[in-house]
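Enquirer: The structure's right below; bear with me while I get my questions together.
The values are calculated or read from the model by the stated rules, or taken from the named source; none is laboratory data. It should be emphasised that the depicted structure is a prediction, and the values quoted were computed from it without experimental measurement. Cβ placement follows ideal geometry from the backbone for every residue including glycine, while neighbour counts extend to all protein chains displayed.
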């Protein structure tokens, strides 16, 4: 993380300083196995001072521009998984008042086990939850990380769109 | 925004520095009028260098602990609206790898017009979209701010839960 301070002209014409937290583009992956279970990774989040279950997420390295490759790497590193099928779920902006963090979300399926390769700075647990249970966790506050919440909600809505009696009206 | 640098012990036992972007607790409001339209506010987001349509959002002042009061103030300040009915939609964490930003989301209805009172540093436009259109904007990337996306998706899922043929299976 790097913080940049720019001298700017505010909308009212006055001078100002705008601090931007520079974060490299990142990815998040909803990975679903053949039993319709979602891979959740858990770690202590120092910034918010609590343990957090999330979808596998991570940042790109400098110069990396193919977010799908980043997603493949993060899914392997954090969850020890490789996926055959990838679907892009769009990008979201986090903390856009202060940061340039854009996270691209994916749905991954056709999973198989691969070598896990954590950073030494990371200590990450993995659990599997039925998709409906993971969605419930996002609804009731057991999952609070916002990209994970948005991605799980999105998959739920996409699924309902495929059902004639579901959320099809949207 | 303030950045704090803590000396920490990493999971691998080594010493490290953990930078935390300190952001005061914030709120986001899905405000829906009697025609089932959602209030969206638009502004230039300097950090991501583009214009962004979002739900009304904002941060608390130092010492404020009642997020509902913050939500009422932000809805008035940014959209010029007062709401009779408030429903809490839970809290989400943004950028939890680097920031302590927790945003509490609300659904507001029973809307009436009140005085708008923008910060001099803000230049904010307002538009109304039918709920289904706003949801579509969040699905197709015209709304990318992640708290807005998560909140709109959540309301869509809550609505479908009330319908026997909707997402009730979740």
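Enquirer: Please go through region B:60-75 and pick out each residue that is surrounded by 18 or more Cβ atoms within 10 Å (Cβ to Cβ) and either touching a strand residue (DSSP E or B) at 6+ places or on another chain (Cβ under 7 Å) or at pLDDT below 95 (or both).
Expert: Those that are surrounded by 18 or more Cβ atoms within 10 Å (Cβ to Cβ) and either touching a strand residue (DSSP E or B) at 6+ places or on another chain (Cβ under 7 Å) or at pLDDT below 95 (or both): B:60, B:67, B:70, B:71, B:74, B:75.
Enquirer: Right, something else. Look through region A:16-43, keep the residues that are at the interface with another protein chain (Cβ under 9 Å from one of its Cβ atoms) and surrounded by 14 or more Cβ atoms within 10 Å (Cβ to Cβ), and return whichever of them is nearest to residue A:131 (Cα to Cα).
Expert: The selected residue is A:43.
Enquirer: Can you find a residue that is farther than 28 Å from residue B:57 by Cβ, assigned to a strand (DSSP E or B) and without any contact (Cβ under 8 Å) to a residue 40 or more places away in the chain anywhere in region A:68-82?
Expert: There is at least one residue in region A:68-82 that is farther than 28 Å from residue B:57 by Cβ, assigned to a strand (DSSP E or B) and without any contact (Cβ under 8 Å) to a residue 40 or more places away in the chain.
Enquirer: Step by step: first the residues of region A:87-114, then only those that are closer than 30 Å to residue A:6 by Cβ and outside any strand (DSSP E or B), then the one that is farthest from the other protein chains (Cβ to nearest Cβ). Which residue is that?
Expert: Selected residue: A:97.
Enquirer: Just to verify a result, which residue in region A:158-168, among those that are in a helix (DSSP H, G or I) and more than 7 Å from chain B (Cβ to nearest Cβ), is modelled with the lowest pLDDT?
Expert: Checking each candidate, the answer is A:168.
Enquirer: Evaluate the following for residue B:29: is it under 18 Å from residue A:146 (Cα atoms), part of a strand (DSSP E or B) and at pLDDT 95 or above?
Expert: yes
Enquirer: Here are some residues: A:135, A:107. Which one is touching a residue at least 24 places away in the same chain (Cβ under 8 Å) and surrounded by 13 or more Cβ atoms within 10 Å (Cβ to Cβ)?
Expert: Only one candidate qualifies: A:107.
Enquirer: Going by what's in this entry, would residue A:155 be described as at pLDDT 95 or above, within 9 Å of chain B (Cβ to nearest Cβ) and within 17 Å of the chain's Cα centre (by Cα)?
Expert: Spelling it out, it is not the case that residue A:155 is at pLDDT 95 or above, within 9 Å of chain B (Cβ to nearest Cβ) and within 17 Å of the chain's Cα centre (by Cα).
Enquirer: Name the single residue, out of those in region B:115-152 being at pLDDT 95 or above and more than 26 Å from residue B:47 (Cα to Cα), that is nearest to the other protein chains (Cβ to nearest Cβ).
Expert: Per the stated criteria, the residue is B:132.
Enquirer: With respect to residue A:47, is the statement that it is at the interface with another protein chain (Cβ under 8 Å from one of its Cβ atoms) and surrounded by 13 or more Cβ atoms within 10 Å (Cβ to Cβ) true?
Expert: When the stated conditions are applied, residue A:47 passes them.
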